[in-house]
Amino acid sequence: MTAAVIDGKTFAASLRGRIAELAAAFEAKAGRKAGLAVVLVGEDPASQVYVRSKGKQTVEAGMASFEHKLDASTSEADLLALVDRLNNDPAVDGILVQLPMPGHIDEQKVIGAISPDKDVDGFHVVNAGRLAVGQHGFVPCTPLGCLMLLKDRLGSLSGLEAVVIGRSNIVGKPMAQLLLGESCTVTIAHSRTRDLPDVVCRADIVVAAVGRPEMVKGNWIKPGATVIDVGINRLPPAVEGGKGRLVGDVDYASAAEVAGAITPVPGGVGPMTIAVLLRNALVAAHRNAGLALDDDTI
Ligand code: GUN
């Protein structure tokens, strides 16, 4: 058997198309564009690529993009002052400060300074708390994107066994909360979990978010399970000076022989993150403007 490929690239493109229509409708009603501010401190190459992509896709969706690129030596106080200005800027509906931040900046302090109503990353403790108790708030983009792919594939998730590998605040913990909210039986596994293959093999849904290349093997997977691979790892180049291959946290070749459906890397979860960020920014814009977003398909 060969697993169906879950095409996140096509799903994300279609989501961005619907967001663009709703963003145009928002502009007509509110008399202004929905606005997303992205703050990058320093020159981390991967972060620069993400931030460029976010800006481009924000504009393509018909929203206003405000980019703030700060020197790596920017003080925490200056960064907090910028966050405060953005919190009070009526043209800014969503604020994202790119992670990781340079070592001299306390990330939790900066995230905590973002207004929870503009926290489109869903990283503020208020939004983490809202997710935990089932209130409306902002949900981190990558796990929400994974949930959209799962529901598109499986319909109701009620009663399914889900194993989330990874316990980060950005992916693992919110993913587990979302799956619990869909009435899955949820296990969170991590680096200290004993007998990980044994835990994974009871799952109907496996979400791998550990950052270890090709760690999850096909013989760990229950036949027919749905596998969501959040990992993006670059292998060492085969030839000197070349670019290494991008792989996920799942050994795709062996897993695809057993799973019912699986996300590829690249082209699976990756493109969903920015599409969901735009979705969260559009939701923020409607809430901030006191307008209803009566479309529960996004
Ligand atoms: N760095 C890697 N992923 C993310 C994300 O989703 N949001 C932010 N702010 N930084 C990141």
Legend entry - Yes/no for Gly260 being away from the ligand (no atom under 16 Å from the Cβ), over 27 Å from Ser183 (Cβ atoms) and open to solvent by less than 40 Å² (accessible area, probe 1.4 Å): no
Legend entry - Condition broken by Val265, with the remaining ones in (1) within 16 Å of the ligand (Cβ to nearest atom); (2) farther than 28 Å from Val51 by Cβ satisfied: (2)
Legend entry - Flag for Arg194 being touching a residue at least 12 places away in the same chain (Cβ under 8 Å) and more than 15 Å from the ligand (Cβ to nearest atom): no
Inset, instruction - Restrict the check to region 222-233 and report whether at least one residue is within 15 Å of the ligand (Cβ to nearest atom), farther than 26 Å from Asp195 by Cβ and open to solvent by 60 Å² or more (accessible area, probe 1.4 Å). - result: yes
Inset, instruction - Determine if region 20-43 includes at least one residue that is over 17 Å from Ala285 (Cα atoms) and open to solvent by 40 Å² or more (accessible area, probe 1.4 Å). - result: yes
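The values are calculated or read from the model by the stated rules, or taken from the named source; none is laboratory data. From a predicted model like this one, the values you see are computed outputs, not experimental measurements. No Cβ is skipped: glycine too gets one built from the backbone with ideal geometry, and neighbour counts run over all protein chains shown. Keep in mind that these areas ignore ligands, DNA and RNA; they rest on the heavy atoms of the full protein, side chains included. Shrake-Rupley method; radii C 1.70, N 1.55, O 1.52, S 1.80 Å.
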